[in-house]
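Shown next, in structure tokens, is the structure this report addresses.
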Amino acid sequence: MRAGTVTAAARMLNISQPALSQILLHTEDELGFTLFERVKGRLRPTPEALEIFPDAERLSAGLDGLRRKTTDLRLGRAGLVRVAASPPPAMAILPCAFTRFRAQHPNILLRSHSAPIAAIVDMLRAGDASLGVAMDDRLPPDIEAEVIGSIGFACLLPAGHALVRKTELTLADLAGEELISYRGNTRP
């Protein structure tokens, strides 16, 4: 309907005119009614064709959008990256990393999920996360890990505490002190 002739439509679709004529005949046969009357080498839409044309246009636009999206996915220009992270890296690393990633890949959606390491491993295994970021390098053998950095611990003390004078503390220094820290079964 846009092209007006089979030859012009075939050119638009990058197929031969005889192939398009066959497709058109087959389509009309499947539908059980004629879509076009052939008048002096031109196609004139039938009332039935005019009736279904808006729906066909919507479908065509949807297919064009799907084609663009699949091309973008294939070329890495679109998609979804799901990141699971334990709370410290989720708060300290991901905001900056996501900002930089979004600047380079604006059409790729990012989803983050903050979780303990055991849940991150489960999410990776189930495909619910594309990658995980955690403070742990002792992972099961089926999870591939890459160390991206290392960090020490800091001890916050009240002003005037006896340990404030030391530049470095050991665990032995903390024996007998009231300690606010990770749970006992947490790896750090």
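The values are calculated or read from the model by the stated rules, or taken from the named source; none is laboratory data. The structure displayed is predicted, hence computed values, not measured ones. With ideal geometry, Cβ positions are generated from the backbone for all residues, glycine too; neighbour counts draw on all protein chains shown.
Among the residues of segment 129-157, which ones are in a loop (DSSP other than H, G, I, E, B), closer than 30 Å to Gly79 by Cβ and of a type in the set (Val, Ile, Thr)?
In the first step, residues of segment 129-157 are kept if they are in a loop (DSSP other than H, G, I, E, B); the result is 129-130, 134-157.
Next, from what is left, pick out any that are closer than 30 Å to Gly79 by Cβ: 129-130, 134-137, 139-149.
Matches in segment 129-157: Ile143, Val147, Ile148.
Can you tell me which of (1) modelled with pLDDT under 90; (2) exposed (fewer than 10 other Cβ atoms within 10 Å of the Cβ); (3) not assigned by TED's automatic domain parsing to the domain that holds Phe98 is the one Gly127 doesn't meet?
Gly127 satisfies every listed condition except (3).
Tell me which residues, restricted to segment 61-71, are surrounded by 12 or more Cβ atoms within 10 Å (Cβ to Cβ) and farther than 30 Å from Asp122 by Cβ. If you could, list the steps in order and put the result at the bottom.
First, the residues of segment 61-71 that are surrounded by 12 or more Cβ atoms within 10 Å (Cβ to Cβ): 68-69.
Of everything in segment 61-71, just one residue is surrounded by 12 or more Cβ atoms within 10 Å (Cβ to Cβ) and farther than 30 Å from Asp122 by Cβ, namely Arg68.
Considering every residue within segment 84-91, establish whether at least one is in contact with an Asp or Glu (Cβ under 6 Å, 6 or more places away or on another chain) and free of Cβ contacts under 8 Å to residues at least 24 places away in the same chain.
Here is the first cut: in segment 84-91, the ones in contact with an Asp or Glu (Cβ under 6 Å, 6 or more places away or on another chain) are none.
No, there is no match, as no residue in segment 84-91 is in contact with an Asp or Glu (Cβ under 6 Å, 6 or more places away or on another chain) and free of Cβ contacts under 8 Å to residues at least 24 places away in the same chain.
Take the residues in segment 117-139 that are under 21 Å from Tyr182 (Cβ atoms) and not aliphatic (A, V, I, L, M), then tell me which one is farthest from the chain's Cα centre (by Cα). Show your work before the answer.
So in segment 117-139, the residues under 21 Å from Tyr182 (Cβ atoms) come out as 117-123, 132-139.
Filter once more, keeping what is not aliphatic (A, V, I, L, M): 122, 132, 136-138.
Numbers: Asp122: 19, Gly132: 15, Asp136: 25, Asp137: 26, Arg138: 28 Å.
So, considering only residues that are under 21 Å from Tyr182 (Cβ atoms) and not aliphatic (A, V, I, L, M), the one farthest from the chain's Cα centre (by Cα) is Arg138.
Take segment 158-176 and flag every residue that is surrounded by 10 or more Cβ atoms within 10 Å (Cβ to Cβ) and either in a loop (DSSP other than H, G, I, E, B) or of a type outside the set (A, V, I, L, M) (or both).
As a first pass, look at segment 158-176 and keep what is surrounded by 10 or more Cβ atoms within 10 Å (Cβ to Cβ): 161, 163-164, 166, 169, 173-174.
Of everything in segment 158-176, those that are surrounded by 10 or more Cβ atoms within 10 Å (Cβ to Cβ) and either in a loop (DSSP other than H, G, I, E, B) or of a type outside the set (A, V, I, L, M) (or both) turn out to be His161, Lys166, Leu169, Asp173.
For segment 111-138, enumerate the residues that are among the β-branched types (Val, Ile, Thr) and under 14 Å from Phe98 (Cβ atoms). Walk me through it before giving the result.
As a first pass, look at segment 111-138 and keep what is among the β-branched types (Val, Ile, Thr): 117, 120-121, 133.
If the condition is that a residue be among the β-branched types (Val, Ile, Thr) and under 14 Å from Phe98 (Cβ atoms), then Val133 is the only one that fits.
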